[in-house]
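Q: Take a look at this one; I'll ask things after.
The values are calculated or read from the model by the stated rules, or taken from the named source; none is laboratory data. What you are looking at is a predicted structure, and each value in this text was computed from that prediction instead of being measured. Note that we place each Cβ from the backbone using ideal geometry, even for glycine, and neighbour counts take in every protein chain shown. The area values use the complete protein model at the heavy-atom level, side chains included, leaving out ligands, DNA and RNA. Shrake-Rupley method; radii C 1.70, N 1.55, O 1.52, S 1.80 Å.
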Amino acid sequence: MCGIIGMVGQGPVNQALYDGLTVLQHRGQDAAGIMTYDQGRLYLRKNNGLVRDVFRQEHMLQLRGNVGIGHVRYPTAGYSSPAEAQPLYVNSPYGISLAHNGNLTNAEALKRELFLEDRRHINTESDSEILLNVFAHELARSGKLRISEEDIFEAVAAVHRRCNGGYAAVAMINGYGVLAFRDPSGIRPLCFGEQRLEGGGSEYLVASESVALDTLGFSLVRELEPGEAVFISLDGTVYARQCAEHPVHAPCIFEYVYLARPDSIIDSVAVYKARLRMGERLAQQILRTWPDHDIDVIIPVPDTSRTAALEMAHHLGVTYREGFIKNRYIGRTFIMPGQTQRRKSVRQKLNPIGLEFKGKNVLLVDDSIVRGTTCEQIIEMARDQGARKVYFASAAPPVRYPNVYGIDMPAAHELIAHGRTLEEVAQKIGADRLIYQELDDLVAAVQEGNPTLRQFDASCFNGEYVTGDVSADYLAALADRRSDTAKSAGPERQPMTDLAHQLHQG
Ligand SMILES: O=P(O)(O)OC[C@H]1O[C@H](OP(=O)(O)OP(=O)(O)O)[C@H](O)[C@@H]1O
Ligand SMILES: NC(=O)CC[C@H](N)C(=O)O
Ligand SMILES: [Mg+2]
């Protein structure tokens, strides 16, 4: 889950894009980039690092123009190299740049097609470069010198026919404007907003999460429908069209569990309220299955679990206390690239307050347990502080299957709950008792915010992939390529690069 943003303004957009990216930083900490357009020229700054480190004053001054797009990256394909930082650019046709959140599941096949049939060269291992080139190729089909919004929507429709997986994207077409589109299952979020200016006219902003609109003073117009594309021309005219033949709305449920900020609204569901309901349902489960519990205190694992833990304590009538203090200068652990870094960061990030643990039966609450990196260490810390019993609750069900739509959980064997029973996980993490949210309860907690949502991508919990194209072979190849062990072995030459290479060798 990267963060994407795009703006058509009436004055320079560089600062607004920068500020927007800082509030989307929780979606990607690896790399950041902004591309702007001014009088026929494009200006780009991108690099590995946090937003505050990538953009210095000299870069900001060069990002000229009233139109631009931006990206914060959390890699799910390719490598953490600056060359794969986004926005990505292709010069033909017209000059197109693109920022992508999600992951394509047929990237390999598309890469072959792009090379063998469309005569396009892909220079990185990023699936986003493939998405950009498919779009560019389809837009070029119009063969026109001047394109219309209909040509742009036709190209998006073709992208939907060719690409599988999760993709929410913003693209900037040189001399035309900013395009936003969402995959036909609406897996990754995307919304757009408007700010009316005092002197007349409006500015428009597209972003992964509504929190970016709020902080920049835009009001939410609406979220993009699955399969829909919205195009905002340079003069500020907004065009929208449904470009998918059979859209099905199945947003990623993990956005509500962990990925999104609580102050965002996604598909008309307030993430904060969904998390409160997750806490409430977890409390109900405890009252049902463990009515004579002996929990003295509920302690959240900062940050994301706080909302659910607070409500859980309220419904159980148990004291809620802050038992871990988070170092505010350390980012999210889960989205760090390697296991060594993740493991080290938990210790650096969370420090216990001893008196909240000593002699008590504590229930630690987290939003989710994925690899188990956090809970194993947290439980150990609680015991070191003298806790009598350490119970652990997860506001999400056991994560047992890989995610293929933009969350870097590529290998089932790295997930602590994969192939393990509840008791086995409890034992492995060292908890005296482990409570997981039921999937039905999680779904209900989100759905209550918008009953029209009938389906979710909950694949990491149930192994059902909404795009219907994820085979066992695909998952095996993904694990092979992207598991922590594979990644630590370093970049390898990929088969498609070799295809071009082989051809030139004769
Ligand atoms: O089982 P694991 O593999 O450790 O993954 C799950 C943990 O990672 C996330 O925290 P993170 O530190 O990324 O972010 P947060 O501060 O938003 O909670 C999540 O909130 C859990 O605490
Ligand atoms: N998390 C994401 O959305 C990743 C986008 C893209 N697949 C990349 O790896 O750069
Ligand atoms: Mg956490």
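Q: With no solvent and one equal point scatterer placed on each C-alpha of segment 139-238, evaluate the Debye formula and give log10 I(q)/I(0) for q = 0.10, 0.15, 0.17 Å⁻¹, two decimals.
A: Normalising to I(0) and taking log10 leaves -0.29, -0.63, -0.79.
Q: Which ³J(HN,Hα) values, rounded to whole Hz and listed in residue order, are derived for segment 386-400 from phi using the Karplus coefficients 6.51, -1.76 and 1.60 in 6.51 cos²θ - 1.76 cosθ + 1.60 with θ = phi - 60°, glycine and proline given as x?
A: x, 5, 7, 10, 10, 9, 9, 10, 10, 6, 10, x, x, 8, 10
Q: Please report, in whole Å³, the volume per residue of the convex hull around the C-alpha atoms of segment 210-280.
A: Working: hull volume 7.2 nm³, N = 71.
Cα-based convex hull of segment 210-280, divided per residue, equals 102 Å³.
Q: Could you tell me whether segment 344-427 comes out rounded, prolate or oblate from its Cα gyration tensor? Rule is a ≥ b ≥ c as square roots of the eigenvalues, rounded for a/c under 1.5, then prolate if a/b exceeds b/c, otherwise oblate. Don't skip to the answer; put the middle values down first.
A: Values: a/c = 2.65, a/b = 1.81, b/c = 1.46.
The shape class here is prolate.
Q: What nm value, rounded to one decimal, do you get for the distance between ARG222 and GLU58 when each label is placed 7 Å out toward the C-beta?
A: With each label point 7 Å from Cα toward Cβ, the separation is 4.6 nm.
Q: Could you report the chain's accessible area per residue, 1.4 Å probe, as an integer in Å²? Intermediate values should be presented prior to the final figure.
A: Details: 19980 Å² over 506 residues.
Accessible area per residue, the chain: 39 Å².
Q: Binning at 5 angstrom from zero up to the longest distance, how are the C-alpha pair distances of segment 171-322 distributed in percent?
A: It works out to 2, 9, 15, 16, 14, 12, 9, 8, 6, 5, 3, 1, 0, 0, in whole percents.
Q: Rounded to a whole number of µm²/s, how large is the Stokes-Einstein D of the chain at 37 °C and 0.692 mPa s, given Rh as the Kirkwood radius over C-alpha pairs? Can you show the working numbers first?
A: On the way: Rh = 23.4 Å.
Diffusion coefficient, whole number: 140 µm²/s.
Q: Here is a follow-up. What 222 nm value per residue comes from the helices of the chain, counting each DSSP H run with n ≥ 4 as -39,500 (n - 2.57) and dividing by all residues, nearest 500 deg cm²/dmol?
A: Values: 17 runs with 165 residues, N = 506.
Calculated at 222 nm, the ellipticity per residue is -9500 deg cm²/dmol.
Q: If you don't mind, another one. To the nearest µm²/s, what D does Stokes-Einstein give for segment 34-91 at 37 °C and 0.692 mPa s, using the Kirkwood radius over alpha carbon pairs as Rh?
A: Rounded to a whole number, D works out at 271 µm²/s.
Q: Kindly give Rg over Rh for segment 371-506, based on alpha-carbon atoms, with the Kirkwood expression for the hydrodynamic radius.
A: On the way: Rg = 19.5 Å, Rh = 17.8 Å.
Looking at segment 371-506, the ratio lands at 1.10.
Q: Report the equivalent ellipsoid semi-axes for segment 403-463 in whole Å, largest first, defined as the square roots of five times the eigenvalues of the gyration tensor built from alpha carbon atoms.
A: Largest first, segment 403-463 gives 25, 17, 8 Å.
Q: Give the residues of segment 109-140 whose amide nitrogen is closer than 17 Å to a point set 7 Å from the Cα of SER81 in the direction of its Cβ.
A: 121-130
Q: Could you check the simple spin-label distance between ASP303 and ALA476, using points 7 Å along Cα→Cβ, in nm with one decimal?
A: My value for the distance between the label points is 4.1 nm.
Q: If you take every DSSP beta bridge fully contained in the chain, what fraction is antiparallel? Give it as a percent rounded to 5.
A: Numbers: 69 of 86 bridges.
Taking every DSSP beta bridge with both residues in the chain, the antiparallel ones total about 80 percent.
Q: Mind checking segment 271-365 for chymotrypsin sites (Phe, Trp or Tyr not before Pro) that DSSP puts in a loop (not H, G, I, E or B) and that have at most 15 other Cβ atoms within 10 Å? Each step should come with its number before you reach the end.
A: On the way: sites: TYR272, TYR320, PHE324, TYR329, PHE334, PHE357; in loops: TYR329, PHE334, PHE357.
Answer in residue order: TYR329.
Q: Related question: Identify all lysines with a Cα-Cα distance to LYS428 below 30 Å; exclude those on the same chain that are fewer than 8 residues away in sequence.
A: Cα-Cα hits under 30 Å: LYS326, LYS344, LYS349, LYS358, LYS360, LYS389, LYS487.
Q: Extending each Cα 7 Å along its Cβ direction at ARG328 and LEU499, get the distance between those two points in nm, one decimal.
A: Between ARG328 and LEU499, the label points sit 5.0 nm apart.
Q: GluC sites (Glu not before Pro), restricted to segment 245-346: which are DSSP loop and have at most 13 other Cβ atoms within 10 Å? Please report the intermediate quantities before stating the final value.
A: On the way: sites: GLU245, GLU255, GLU280, GLU311, GLU322; in loops: GLU245, GLU322.
Answer by residue number: GLU245, GLU322.
Q: At a 1.4 Å probe radius, carbon and sulfur cover how many percent of the accessible area of the chain? Don't skip to the end; give the middle numbers.
A: Numbers: 9390 of 19980 Å².
So the carbon and sulfur contribution to the accessible surface is 47 percent.
Q: Identify the trypsin sites (Lys or Arg not before Pro) of segment 33-109 meeting these criteria: DSSP loop state and at most 12 other C-beta atoms within 10 Å of the C-beta.
A: ARG56
Q: From the C-alpha coordinates alone, can you work out the Kirkwood hydrodynamic radius of segment 1-148, in Å?
A: Taking every pair of different Cα atoms in segment 1-148, averaging 1/r and inverting gives 15.7 Å.
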